[in-house]
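Worksheet: the structure to be examined is printed underneath.
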Amino acid sequence: MAESKKLLLVDDEADFRDIMGKYFSRRQIGFEMAGGCMEALDWLGREDFDVVIMDVSMPGLDGLECMAEIQKVKPDTEIIILTGHASINAGLIGMKKGAFDYCLKPVDFDELLEKIILAREKAAAKG
């Protein structure tokens, strides 16, 4: 799983991005980070990612709106939605709209890693 820049983490919380970045780095997972939808779309305009992990609650375009934009420009990119317990419905809506899966915050890192592996396998099968 050490392919570089195949994972994009999109979350407006810098502390959460830092924690996730350390987690990915320790497992030698290549990744980039974006603080919001516009930054994520900028990354996707320059590089291909197998999987985008995206928080639902973000200022500006929220995660579901951003997912729709990503699907327009990179339809083969798999998206995993992150949502808080109070907004589990957003994860289910995201899946209905084409997200690969969702995870609840606080994130169970092992569960997220399993979903990343499965999403990468699905992305690889497409391409």
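Summary table
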| quantity | calculated |
| --- | --- |
| Those residues of the stretch 69-112 which are crowded, with 17+ Cβ neighbours inside 10 Å, touching a residue at least 40 places away in the same chain (Cβ under 8 Å) and either of a type in the set (Gly, Ala, Ser) or part of a helix (DSSP H, G or I) (or both), in sequence order | LEU112 |
| Flag for MET54 being under 22 Å from GLU13 (Cα atoms), modelled with pLDDT of 95 or more and in contact with a Cys (Cβ under 9 Å, 6 or more places away or on another chain) | yes |
| Qualifying residue in the stretch 34-57 (condition: aromatic (Phe, Trp, Tyr), under 15 Å from ALA99 (Cβ atoms) and in contact (Cβ under 8 Å) with a residue 24 or more places away in the chain) | yes |
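The values are calculated or read from the model by the stated rules, or taken from the named source; none is laboratory data. Just so we're clear, the structure is a prediction, and the values are computed from it rather than from any experiment. Virtual Cβ from ideal backbone geometry, glycine too; neighbours counted across all protein chains shown.
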